[in-house]
Amino acid sequence: MAVPSAIKVFNWTATLYRGSVSWQTPMLYAIGFLGLFTIGGLTGLSWPLRRWTFTSRRRTSWWPHFHYIMVGGAIMGYLGGLHYWWPKMTGRMYPEGWAKAAALLVFFGFNLTFFPQFVVGYAGMPRRYATYDEKYQVWNVMSSAGASILGFGYLLPFGYLLWSLRYAKAAGPNPWGATGLEWRTPSPPPPHNFDVTPIVTLPPYVYSKEQAEYV
C-alpha cells in the first residue's frame, strides 16, 4: 500500500506546481487533506514488520494511524468538495471568513486529538484501557481538548451553510473563476444544463482573456 499511496501524494502535490493557487476554503481543506493523509501514511510504513505490528496493534498508536487516513483524510476531502460545489448546487455563497476558521479548527483540532496518541502509544500505553498511568495524563487531556475543538469545527459548517441558503449573496455561474463547462451554467444548473450545446475551443486549464467572459 505504501507505493501507490506515495505515488498519489506526489501526484496531488505536483498539481500545485506552477499553479495559480487561491487560498480559499476548498484549497485549505485540500492542503489539510494532504497533510493528514501523509502523516497517516508515513506512520503506517512500519506495520508490515511482524514484531512491530504484534506489539503496536495493542497500543494507542494504532488509533491515530487509522484515523489520520480513514477519518482525517476522508473528512477533509469531503468538506473541501462540499465547499467547492456548494455555490453551484445551491446558488449561494457561504461566509468565507467563517469557512476558513472552520477549516483551521478542524485541522488543528484533529492533530491535537490524535497526535498525542502517537506519543503515549510509542511510550507503551495500551489501548482499550479505562485507566492509565499518571505520566500519560497531560497527553490524554490534550487529546480530549482537541476532540472538543474538532467537534466544534465539524458543527460550524453545518450552521453557516444552512444560514447561507437564505441570507448569503448569490453565487453567480462561476464564483471560482474556473474553466470547466459546469461553470458555464447558472447556479444551480437547470435540469437540461445548457440551452445551447457549448462549443469547446480551448484546453480545459487555459486561464486567459478568452475565458474572462464566463467568470
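The values are calculated or read from the model by the stated rules, or taken from the named source; none is laboratory data. What you see is a predicted model, and the numbers here were worked out from it, not measured in a lab. In this analysis, Cβ positions are derived from the backbone assuming ideal geometry, glycine residues included, and neighbour counts consider all displayed protein chains. Remember, those area values only see protein heavy atoms, side chains included, never the ligands or the DNA or RNA. Shrake-Rupley method; radii C 1.70, N 1.55, O 1.52, S 1.80 Å.
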Can TYR207 be described as touching a residue at least 24 places away in the same chain (Cβ under 8 Å) and either under 29 Å from PHE37 (Cα atoms) or not in a helix (DSSP H, G or I) (or both)? yes
Report whether or not ARG128 is exposed (fewer than 11 other Cβ atoms within 10 Å of the Cβ) and of a type in the set (Lys, Arg). yes
Would you please name the residue that is modelled with the highest pLDDT, looking only at residues in segment 126-170 that are touching a helix residue (DSSP H, G or I) at 6+ places or on another chain (Cβ under 6 Å) and hydroxyl-bearing (Ser, Thr, Tyr)? TYR160
Within the set of pairs 6+ apart or on separate chains, which have a first residue in segment 114-143 that is under 17 Å from LEU36 (Cβ atoms), a second that is surrounded by 15 or more Cβ atoms within 10 Å (Cβ to Cβ) and aliphatic (A, V, I, L, M), and C-beta atoms under 7 Å apart? PRO116/MET142
Within the set of pairs 6+ apart or on separate chains, which have a first residue in segment 1-30 that is in a helix (DSSP H, G or I), a second that is among the hydroxyl-bearing types (Ser, Thr, Tyr) and open to solvent by less than 60 Å² (accessible area, probe 1.4 Å), and C-beta atoms under 7 Å apart? VAL9/THR38
Residue within segment 133-151 that is in a helix (DSSP H, G or I), more than 30 Å from ILE69 (Cβ to Cβ) and touching a strand residue (DSSP E or B) at 6+ places or on another chain (Cβ under 7 Å) present: no
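What about TYR136, is it more than 30 Å from PRO204 (Cα to Cα), surrounded by fewer than 13 Cβ atoms within 10 Å (Cβ to Cβ) and not aliphatic (A, V, I, L, M)?
On the way: more than 30 Å from PRO204 (Cα to Cα): yes; surrounded by fewer than 13 Cβ atoms within 10 Å (Cβ to Cβ): no; not aliphatic (A, V, I, L, M): yes.
Taking the combined requirement at face value, the residue does not satisfy it.
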Confirm whether TYR84 is open to solvent by 10 Å² or more (accessible area, probe 1.4 Å), in a loop (DSSP other than H, G, I, E, B), in contact with a helix residue (DSSP H, G or I) (Cβ under 7 Å, 6 or more places away or on another chain) and not aliphatic (A, V, I, L, M). no
Search segment 25-54 for residues being at pLDDT 85 or above and touching a His at 6+ places or on another chain (Cβ under 8 Å), and hand back the single one that is most open to solvent (accessible area, probe 1.4 Å). PRO26
If I filter segment 100-109 for residues that are out of contact with any Pro (no Cβ under 6 Å at 6 or more places or on another chain), surrounded by 22 or more Cβ atoms within 10 Å (Cβ to Cβ), more than 15 Å from MET27 (Cα to Cα) and touching a residue at least 40 places away in the same chain (Cβ under 8 Å), do I get at least one hit? no
Residue by residue through segment 158-171, note down the ones that are without any contact (Cβ under 8 Å) to a residue 60 or more places away in the chain and either hydroxyl-bearing (Ser, Thr, Tyr) or surrounded by 13 or more Cβ atoms within 10 Å (Cβ to Cβ) (or both). TYR167
Got a sec? Which of PRO191, PRO203 is within 16 Å of MET89 (Cβ to Cβ), at pLDDT below 90 and loosely packed, with under 10 Cβ neighbours inside 10 Å? PRO191
Has segment 67-78 got any residue that is at pLDDT below 80, β-branched (Val, Ile, Thr) and surrounded by 19 or more Cβ atoms within 10 Å (Cβ to Cβ)? no
